[in-house]
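Everything below concerns the one structure shown next.
The values are calculated or read from the model by the stated rules, or taken from the named source; none is laboratory data. Computed from a predicted structure; not experimentally measured. Glycine gets a Cβ as well: all are built from the backbone with ideal geometry, and neighbour counts include every protein chain shown.
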Amino acid sequence: MNDRRSKPREFLESCLGERIEVALKGDGLVRGEFKSFDEHLNLKLEDARKTKNGPNDRKFKSLIIWGSNVVFISPSPV
């Protein structure tokens, strides 16, 4: 594993400014530009889109996700 991505904080810092995917409890998925995070894993995304097992997407200019709702974070596939 790449050293800069072997520690969670460094991994998150390396993703700042990039598009990421965030899986949420309850089968939701959010994709957006990762702007910031805090020690509770609260995340701020911009130009985000939320999907949930269906055809309806919701778009957000800016979105805060509570850390307790996060299942995983991944760089968004291109």
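Within the stretch 10-28, residues that are at negative phi sit with their Cβ atoms under 7 Å from residues that are in a helix (DSSP H, G or I) and modelled with pLDDT of 90 or more, at 6+ positions apart or across chains, in these pairs: L24/N69; K25/N69.
Take the stretch 50-62 and flag every residue that is under 24 Å from P8 (Cα atoms) and at pLDDT 95 or above.
Once the filter is applied, which keeps residues that are under 24 Å from P8 (Cα atoms) and at pLDDT 95 or above, the stretch 50-62 yields only S62.
If you go through the stretch 19-45 and keep only what is touching a strand residue (DSSP E or B) at 6+ places or on another chain (Cβ under 7 Å), over 17 Å from R9 (Cα atoms) and surrounded by fewer than 14 Cβ atoms within 10 Å (Cβ to Cβ), you end up with K25, D27. Across the stretch 14-46, the number of residues qualifying as among the acidic types (D, E), at pLDDT below 95 and within 15 Å of F72 (Cα to Cα) comes to 1. Each residue in the stretch 65-78 was checked for being loosely packed, with under 14 Cβ neighbours inside 10 Å and either at pLDDT 90 or above or touching a Pro at 6+ places or on another chain (Cβ under 7 Å) (or both), and 6 of them qualify.
Annotation note: Cβ proximity below 6 Å between a residue of the stretch 40-63 that is assigned to a loop (DSSP other than H, G, I, E, B) and a residue that is hydrophobic (A, V, I, L, M, F, W, C) (sequence gap 6+ or interchain) occurs for L41/V70; N42/W66.
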